[in-house]
Amino acid sequence: MEIDSLHLEDDARQVFLAAPAAEPERQYYFMEQLHRMVGARAEAGDTVLTYQVETFGCQMNFRDSEKMAGILLASGFTEENGKHPDLVLINTCTVRENADERVYGHLGYLKKQKERNPEMVVVLCGCMMQEPHVVETLKKSYGFVDLVFGTHNIYKLAELLFLMYSGRKWQLMHPVKKNGKYRVRHEMLIDIAADADLIVEELPDERKYPFKASVDITYGCDNFCTYCIVPYVRGRERSRRPEDILSEIRKLASLGVTEIMLLGQNVNSYGKQFEGVTFYGLLQEIEKIDGIHRIRFMTPHPKDFPDELIDVIAASDKICHHIHLPLQSGSTEIIRRMNRHYTKESYLDLVRRIREKIPDAAITTDIIVGFPGETEEDFLDTLDVVRKAGFNGAYMFEYSKRTGTPAATMPDQVPEAVVKERFARLMETVQEAARKDLGDLTGSVQEVLVEEVDPDRAEGVTGRLTYNTLVHFPAPEGKNPEELIGSYLPVRLVENCGFYYIGVVA
Ligand code: SAH
Ligand code: SF4
Ligand code: F3S
């Protein structure tokens with residue numbers, strides 16, 4: 001970004017030029033500057049600035065939102081969940097078209113809010129912003145947006161906010177009111193990087209839950225499945241150093257976190273850039289950390305799921321017996337055209353190998369219906385795998401064309417009516433298969449981690465099995481449901497309700 005194009009006041013320019021070059025020191029410097037600015041505004045008689053973060057994407061997106069909330073808090077903002085935040089940050093997703101539509105819909109709502117409150121800052125970031133056509137649309141039709149950045153410079157939030165608030169048209173640094181209102185900037189500050197330059201560790205962090213936490217292990221993706229936008233918007237695959245991951249988890253454990261979810265677009269390729277580092281090796285190290293009771297991970301790719309990993313899970317009493325193993329399609333030909341590098345048979349063989357060593361493993365999956373060129377026969381292969389694999393659950397998606405991906409220009413795009421009809425059949429088959437599988441646990445006593453107060457049942461709580469299945473049960477006599485959150489309880493499963501259980505404390 002060219003500093004001259006930012007129209008900074010002289011003193012803001014000096015502050016900017018004096019910033020340390022190294023990270024994370026540079027960002028702590030800007031958090032301090034913001035803190036001072038927010039404080040000055042409060043001293044000038046205004047309230048402390050509040051923020052609201054809205055997340056539209058996957059768990060990695062959610063994790064990024066936690067990091068940005070941490071930066072905002074460290075910069076002197078406070079969280080606001082009401083209707084009038086001073087700053088709204090929207091962390092976008094673009095994996096399917098409907099994700100984009102939701103964001104544009106929300107922007108329509110924010111536009112109206114901003115008309116009523118022109119001082120409100122609107123920040124857009126995340127995957128959707130990495131697409132040039134989106135930024136063009138924003139410039140053309142959503143001029144009220146104040147700050148735009150992508151997925152690679154999330155760590156720079158404090159610096160970008162400093163620049164935005166210091167722009168000549170924004171008077172936060174010297175709060176001057178004109179006719180009872182702050183002057184408002186009209187330029188959109190845009191900072192999109194094509195790829196990540198570095199992984200910045202040790203930034204502030206605001207975790208949503210006290211008892212469970214997600215931990216990134218890789219960023220980006222190198223697989224280039226032909227339907228998928230993620231490699232384009234998240235950049236090349238990079239692994240965090242094992243020592244950084246382990247020290248983060250140790251710290252979380254010391255704060256009372258007992259369940260860890262390891263995140264990566266393909267966790268099995270973790271550590272490729274380091275000598276002698278593997279995903280299952282990392283799992284073995286995490287297992288040794290005192291206080292960690294459950295370990296989950298998402299997502300493994302079926303093309304490289306080694307036997308060593310199956311053995312490590314089977315031998316562990318901490319790694320959860322739930323494996324999310326995206327199938328996408330059961331047809332070998334479609335899988336080939338998706339660039340996924342496995343076959344119908346090798347996928348089913350992997351499921352067999354997992355069940356052989358982990359007989360109670362819950363396996364869930366993702367399936368796309370209507371990939372270009374998918375014939376009825378291809379689709380029947382998908383149904384066949386669903387029946388044979390006996391999935392405990394499946395996320396099902398209609399194929400969505402993503403501009404710039406190879407599949408977008410493939411011939412024989414499947415007509416919508418055919419996609420809808422196949423989707424309905426798939427859903428039915430998945431439900432049948434799941435009902436059969438889940439039935440096995442009724443009557444047994446299982447360990448449940450209580451996650452929240454049940455919104456639908458008085459005095460009830462909701463928790464999860466190692467299999468990731470939800471269980472609703474009443475809090476024991478005399479126990480406050482609120483206080484049970486984060487604890488592990490033995491629960492007898494009394495009723496199988498399809499995708500969840502009703503239980504009682506054993
Ligand atoms: N890295 C993960 C998936 C991330 S995206 C993996 O490889 O499994 C989450 C899911 O969204 C994918 O598994 C896929 O089923 C779905 N998806 C991705 N791109 C899609 C598209 N263009 N249309 C429909 N579904 C899509
Ligand atoms: Fe997308 Fe494939 Fe990478 Fe998953 S592995 S994020 S589906 S390209
Ligand atoms: Fe969406 Fe980006 Fe995740 S496109 S699914 S938020 S990686």
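Please treat every number below as a calculation from the coordinates, not as lab data. Bear in mind the structure is a predicted one, so any value in this text is a computation, not a measurement. Neighbour counts run over all protein chains shown; Cβ positions are idealised from the backbone, glycine included.
So the values come out like this:
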| item | result |
| --- | --- |
| Length released on extending from Tyr104 to Arg13, taking residue separation times 0.36 nm less the Cα-Cα span | 29.4 nm |
| Residues with amide H under 5 Å from that of Asp216, placed H, sequence gap 5 or more | Leu263 |
| Over the chain, relative contact order from alpha-carbon pairs under 8 Å, at least 6 apart, % | 10 |
| Whole-Hz couplings from phi, Karplus 6.51/-1.76/1.60, listed for the range 304-319; x for Gly and Pro | 9, 10, x, 4, 4, 5, 4, 4, 5, 5, 4, 7, 9, 9, 10, 6 |
| Computed FRET value (nearest 0.05) for Glu333 with Gln59, which takes r as the C-beta separation and R₀ as 41 Å | 0.85 |
| Structure-based [θ]222 nm, the chain - -39500 (n - 2.57) summed over DSSP H runs of at least 4, per residue, nearest 500 | -11000 deg cm²/dmol |
| Under Karplus coefficients 6.51, -1.76 and 1.60, residue-wise ³J(HN,Hα) of the range 118-127 in Hz, glycine/proline x | x, 7, 5, 8, 10, 10, 10, 8, x, 4 |
| Over 29 Å between alpha carbons, listed pairs Lys251/Lys272; Lys208/Lys420; Lys67/Lys114; Lys318/Lys401; Lys156/Lys318 | Lys208/Lys420; Lys318/Lys401; Lys156/Lys318 |
| Size of the range 207-320 as Cα extents on the principal axes (Å, biggest first) | 41, 32, 25 |
| Proximal charge balance of Asp307 [Cβ under 13 Å; K/R count +1, D/E count -1] | -2 |
| Dipole of the range 359-455, positive direction: furthest Cα of Ala424, Leu380, Pro411, with charges on the beta-carbon | Pro411 |
| Positive-end residue of His321, Asn268, Ser141, charge dipole of the chain with Cβ unit charges | Ser141 |
| Calculated P(r) of the range 442-505 - Cα pairs past 18 Å, % | 21 |
| Gain upon complete extension [Lys208, Glu477; 0.36 nm per residue less C-alpha separation] | 94.0 nm |
| Rounded to the nearest 20 debye, dipole of the range 198-334 from Cβ charges on Lys, Arg, Asp, Glu | 360 |
| Kirkwood Rh (inverse of mean 1/r, distinct Cα pairs), the range 1-109, angstrom | 16.1 |
| Estimated dipole of the chain in Debye, rounded to 20 [Cβ of Lys and Arg +1, of Asp and Glu -1, Cα centre] | 920 |
| Distant-in-sequence amide H partners of Phe297 (H built 1.01 Å from N, under 5 Å) | Leu262 |
| Surrounding net charge for His341, when Lys and Arg each add one and Asp and Glu each subtract one, Cβ distance under 9 Å | +2 |
| Estimated distance in nm for a label pair at Glu452 and Lys388, the labels positioned 7 Å out from Cα along Cα-to-Cβ | 3.8 |
| Net charge of neighbours whose Cβ lies under 13 Å from the Cβ of Arg102, counting Lys and Arg as +1 and Asp and Glu as -1 | -3 |
| Cβ charges +1 (Lys, Arg) and -1 (Asp, Glu), total dipole of the range 260-327, debye | 280 |
| Mean projection area, nm², convex hull over Cα of the range 6-65 | 6.1 |
| Positive-end extreme of charge dipole, the chain - chosen from Phe297, Met338, Val505 (charges on Cβ) | Met338 |
| Debye intensity ratio in log₁₀ form over the Cα atoms of the chain, taken at each q of 0.06, 0.08, 0.09 Å⁻¹ | -0.32, -0.57, -0.72 |
| Whole-Hz couplings from phi, Karplus 6.51/-1.76/1.60, listed for the range 142-155; x for Gly and Pro | 10, x, 7, 5, 8, 9, 10, 8, x, 9, 8, 10, 4, 5 |
